[in-house]
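Here is the structure we will look at.
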Amino acid sequence: MERSTIVRGAIFIATVGACWAVLSLGIEPTTPNLEIGAPAPQTYYAERSATVPDEVATEDARAAAEESVDPNEARERQPQVETSVEQSVETVFGDVAAAVIGAGTGVTQPETPVLPEQPTETTEAASEGSTTTTLAPEPVAITGQVFLDLDGDGEFDETSVDGEADRPLQGVMVQLENWSGAFTVSTGADGVWTSEVLPGPVVVTMEGEAAIPNGFVPSTANLGQLVECGADETCVVEPMGFAVELTPIEDVIEAISAEYPGLSAETVEYLVLTAGADVTRTALGEPSHLQNVRAAALERLRSEFGRRITENDLQEVRASLVTSPPLVLQADGPDAEGQNAAGDVVSTYLQANYTINQTRLGELRTEAAQAVPEVTQDFVQDELIVSQGETMSSLIIAAIDATSTPTLDERPEWGLMAVLSVLVALVGVYLATFRPEFWARPRMVALLGIMLVLAAASVRLTVAIEESFTWYVLPAVAFGFVTAVLFDQRIAILMALSVGILTAVGTLDIGVTVYGILAALAPIPFVSAVSTRGSFRNAVVLSSLVAAGVAAATSWFFHVGPNESTWEVVGISMAWAFGISVLASLLGLAALQFFESAFDITTTLGLLDLTDRNHKALQMLQDKAFGTFNHSLMVGTLADAAARSIGANALLARAMAYYHDLGKTENPTFFIENQFGISNPHDLLDPRESAEVIRGHVTAGVALARDYKIPTDVTEGIVSHHGDGVMRYFYEKARQQQGVDVDIDDFRHVGHKPRTAESAILMLADSLEAACRANFQSTEPTPDAIEKVVNRVMDEKLEDGQLSESPLTLGEISKIRAAFLDSLVGHYHQRIAYPNFPGS
C-alpha cells in the first residue's frame, strides 16, 4: 500500500474522531439520573403517547418458559461415549495379555551349522570294448520331533510332572538343506516330521521369530543340527523343544493393579492367570480363554448400551453386573470366576450413553423464551406515570424516557459517529474524483480535515453559549471565506454543505442548520473576484451583510416564538450574525498566512505579496541584476495577458514570471541583459563551461526561493521555464570548435517541461521577450515583424515538444498567441519625433 494512501486513511480517522470528540465535548444529561428502587424526584406525566416494553415482566415470563422445558427432550445417544468405553475394556484385556509375555531371553543358540562342500567324483576310463553303468543312490528317511517343553527339562516326556506334561507341537516348519538343495517340512499332530533325503550330510534348522511360538523360548540348544545320513538307514534328528517364558505372575499382578486401580484384586489375578495359561493354549492351537472372557464382557457392554443408560440408571446397571455377570463358558461348563471378572471390568468402565445435550437443551430453552411475546404497557399523553416520592421501577423509568421529547443530550453517540464518517468519506470521494490535484497532496487533505474539525468546534461553542446569546453567533461565513481562498470555489461550496451537516448533528436545530449552509456560501462569489487586499476587505463586509440578511430570514421563520417580538428577535439575530461574521472573517484572514506557510499553499493574498515590488527577493533581483529585473517585469506583463485570455490564474503567472530568473543574481554579468559596457565573459570560456553557468541559474534560483519562502507553485516557474530545452547558441559554438561529435545532452537545461498552464505560458513569454529584445535592437518592430517572431518562437517550442506535458489545448494556444501579439505590439508601438528634441 502506498504511503500517501496510508496518510490519507490516517487523516480520515483523525478527522472523524476529532469532530466526534468536539461535538460530544461537555454533553451531559439535563434530566435527573433515574435509578431503580430510588424515590421519584418529581411527578412525571407522559408528554406523548407511547407503548413501553416491561422488561422485568418480559424476563420473568421468558424465564418461566425456559424452566418449563423438559430436559429429557434434549437427551441424545452418545456414540463417542460408547466407543470410548469399549476401547477402555479392550485395552484392559490387551494389556493383560501383553504383560504376561516374558522378555524373550531364552537359551543362547549356537551358530547354524554349515553344510560341507560336496567332494568331486573321479571315474577311471573303461577298457576298450567294456561298458560302465553308474546307479544313483537310494534316498533314506530322516525324521525329528518338535515339542513344547512344559516341564522345562529340555527332553520330550509326555509323563505328567506336577500336573504338566510335554506336548508335541503341530504345524511348525522345519528347514532341511543338503547337497541337492533346501526345502521345508511341517510337523504332524504328534509333533513329528518326516522326509526323504539322499545319503550324506543334512543341515536341520528352525530359525526366525515365525518358528518360535509367542511367549516361548528354545529349551534345547539344538535348533540347528548337522546330521550325517547313511545309506539304508533312517536318519534321526534330536527333538527340538520350546519352553514357556512368562513374566513372574506377582510382577504382572502388581503392574496391572497399579495401571487399573478400579479393578478388584480377584479380577486382576484371574485375568493374569488366564492370560498366562493362554500362552500355552495358543501355541497348541487351542482357543484363548481370555478372549472368551473379553468377548462376553463386550457383548454384555453392547447389550447394556442398547438399552440406553442414563445418569440415573448408571448405578443400577453397575449393580446388575455384580449380581448377574456376563455368561462365560469353559469346557466343563460356566466359568464363575471369569463371569465375575468380566462383570467387574464392564462395571468399572461403564458410563451413561443416553445423556442430556446441554447445547440442545439451551437451544430448546432459547426457542421457548423467544416464543414468549414482549410484555408491554400503553401510556397515553398526559397520563400520570409516577408521583414524586414513589419508588421507581424499570417500567416507570422506561416510560419516562419513551414519552419524553428527545433532546440534544439524548442523541446516540454511535449514530453521530456514523454520520461524521459518511460526511468525511464523501468529502474524500469528491476530492479524489473532481479535485485530483488536491487529493494527490496529503497536506491539502489534512488541511481540509482541520477545517472540518474547526467547524465542528465552532458548532459546539455555539451550542454552549446559545442560551446567553443566540444561535447566530455561528461563524459560518469565515469557513466559506477561508476555504475559498485556500482551495477554490467548488471546495468552498463543499465546505458550506459540510458546515450545514455539522450544524445539524451538533444542534438538532433546523433554523441554524439552514443559516450555516447559506452563510458559508455567502462569501464564495465575492472571494472569486478579488485581486487586491482592498477587494478582500470588501468581500468580508459584503459577505457579512449577506449573512445578516440570511439570519433575518431564518430567525423570522424558525426562531420567533408565539410570545416574542418579531422585530426584536430578527434585529438581535442580524446584529450578531453581522458582527460575528466580520470578526471571524478577519481572524480567518489573519490565519491565512499561517496556513500558507504550514501547508505550502499559494493563495491570492500570498500572490499579491509576491508581486509587490517591495518584496525582498525582488529588491535583491533589482539591485544585483537590473537587466534581469526589467526582463522579468516584461515577462510578467506578457504572462498576465496570456493567462487572462484562457482563464488561467493570471496572478500566479505574473508571480512566476517575476521570480523565474532569480538565480541569475548569483552570476549576473554572465547573462546578456546585465552586461552594461563590459565584454561578454563567455567569449573566454569553453562552450561547456558557459552552458554549466547558464544551467546553474535554475538550481540557484530554487535555492534562493527556498530561502525567501517562496511557495512551491511559484518555484515551479523557476524549474520549468526552460524545460529540458537545448542551449542552442553554445551547442552550435561547440560544434564549430570541436566538430559534429558533440553530445547534445551536455547543453540541455536542468528542470522539466511545464506541467501547468501557467508554467507553459511563462516558458513562452520568457522566450518571446528575449527574442524580441534581440531582434528589435537592429530592426524595426513592426506588427508584421513582431508576429513573425511570435510565430517562430511558439512553433519552435511546440516542435521541440516542450509543451507536451502541459494541459494547454490548440485552441488555448491560439488565444495565447493572440494575447502575446497584442501585448508586444503595444509595447513596441511607434513614437513620434519631437521637434528640437535631443536625438530627433
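The values are calculated or read from the model by the stated rules, or taken from the named source; none is laboratory data. From a predicted model like this one, the values you see are computed outputs, not experimental measurements. In this analysis, Cβ positions are derived from the backbone assuming ideal geometry, glycine residues included, and neighbour counts consider all displayed protein chains. What goes into the accessible areas is simple: the full protein's heavy atoms, side chains included, and nothing from ligands, DNA or RNA. Shrake-Rupley method; radii C 1.70, N 1.55, O 1.52, S 1.80 Å.
Working out 0.36 nm times the residue gap between THR669 and ALA590, then minus their Cα-Cα distance, what length gain in nm do you get to one decimal?
24.3 nm
Using the Cα atoms of the range 159-299, I'd like the radius of gyration and the largest Cα-Cα distance, Dmax, both in angstrom.
Answer for the range 159-299, Rg first and Dmax second: 20.1, 67 Å.
Heavy-atom accessible area of GLU316 with all protein chains present, probe 1.4 Å, nearest 10 Å²?
For GLU316, the solvent-accessible surface is approximately 140 Å².
Would you mind classifying the range 401-495 by shape? Square roots of the alpha carbon gyration tensor eigenvalues, ordered a ≥ b ≥ c; an a/c under 1.5 is rounded, otherwise it is prolate if a/b is larger than b/c and oblate if not.
Values: a/c = 3.16, a/b = 1.62, b/c = 1.95.
Here the range 401-495 falls in the oblate category.
Report the calculated FRET efficiency for LEU542 and VAL380 (r = Cβ-Cβ distance, R0 = 60 Å), to the nearest 0.05.
On the way: r = 54 Å, r/R0 = 0.90.
Once rounded, the FRET efficiency stands at 0.65.
Here is the link list: LYS709/LYS815; LYS733/LYS797; LYS624/LYS733; LYS624/LYS815; LYS624/LYS788. Which ones come out longer than 26 Å on Cα distance? Don't jump to the answer; show the numbers that get you there.
Values: LYS709/LYS815 33 Å; LYS733/LYS797 21 Å; LYS624/LYS733 28 Å; LYS624/LYS815 35 Å; LYS624/LYS788 33 Å.
Table pairs above 26 Å Cα-Cα are LYS709/LYS815; LYS624/LYS733; LYS624/LYS815; LYS624/LYS788.
Would you please give the FRET efficiency between SER597 and GLU466, computed as 1/(1 + (r/R0)^6) with r the Cβ-Cβ distance and R0 = 41 Å, to the nearest 0.05?
For SER597 and GLU466, the calculated efficiency is 0.75.
In whole angstrom, how long is each semi-axis of the equivalent ellipsoid of the range 563-655, when you take the square root of 5 times every eigenvalue of its Cα gyration tensor and sort them from largest down?
Over the Cα atoms of the range 563-655, the semi-axes work out to 43, 17, 11 Å.
Would you mind working out the magnitude of the charge dipole of the chain relative to its Cα centre, with +1 at each Lys and Arg C-beta and -1 at each Asp and Glu C-beta, to the nearest 20 Debye?
10400 debye
Considering only DSSP states other than H, G, I, E and B, which GluC sites (Glu not before Pro) in the range 1-96 qualify as loop sites with at most 12 other Cβ atoms within 10 Å?
GLU2, GLU35
How large is the Rg to Rh ratio of the chain when both quantities use alpha carbon positions and Rh follows Kirkwood?
Working: Rg = 56.4 Å, Rh = 40.8 Å.
Value, to two decimals: 1.38.
VAL719 accessible area, nearest 10 Å², 1.4 Å probe?
Probe radius 1.4 Å; accessible area of VAL719 about 30 Å².
Quick one: which of 802-812, 617-627, 696-706 comes out on top by average Cβ neighbours within 10 Å, and what's the full order, highest first? Don't skip to the end; give the middle numbers.
On the way: 802-812: 14.8, 617-627: 17.2, 696-706: 18.7.
Ranked from most to least packed, the peptides come out as 696-706, 617-627, 802-812.
Strictly under 4.7 angstrom between C-beta atoms: which cysteines of the chain have no such partner?
CYS19, CYS772
If r is the Cβ-Cβ distance from GLU90 to LEU115 and R0 is 45 Å, what FRET efficiency results, to the nearest 0.05? Could you put the intermediate results ahead of the total?
Values: r = 48 Å, r/R0 = 1.07.
Computed FRET efficiency for GLU90 and LEU115 comes out at 0.40.
How much area per residue is accessible in the chain when the probe is 1.4 Å and only protein heavy atoms are counted (Å²)? Don't skip to the answer; put the middle values down first.
Details: 43590 Å² over 840 residues.
Roughly 52 Å² per residue, with all protein chains present.
Need one word for the range 326-472: rounded, prolate or oblate. Basis is the Cα gyration tensor (sqrt eigenvalues a ≥ b ≥ c); a/c below 1.5 gives rounded, then a/b vs b/c decides.
In terms of gyration-tensor shape, oblate.
How about the range 216-311: which trypsin sites (Lys or Arg not before Pro) there lie in a loop by DSSP and see at most 14 other Cβ atoms within 10 Å?
ARG307, ARG308
Once every Cα of the range 705-772 carries one equal point scatterer and solvent is ignored, give the base-10 log of I(q)/I(0) from the Debye formula at q = 0.20, 0.25, 0.29 Å⁻¹, two decimals.
Relative scattering, expressed as log10 I(q)/I(0), comes to -0.85, -1.04, -1.17.
Could you look at the chain and say what percent of its accessible area is carbon and sulfur, using a 1.4 Å probe and all protein chains?
Ligands and nucleic acids excluded, carbon and sulfur reach 54 percent.
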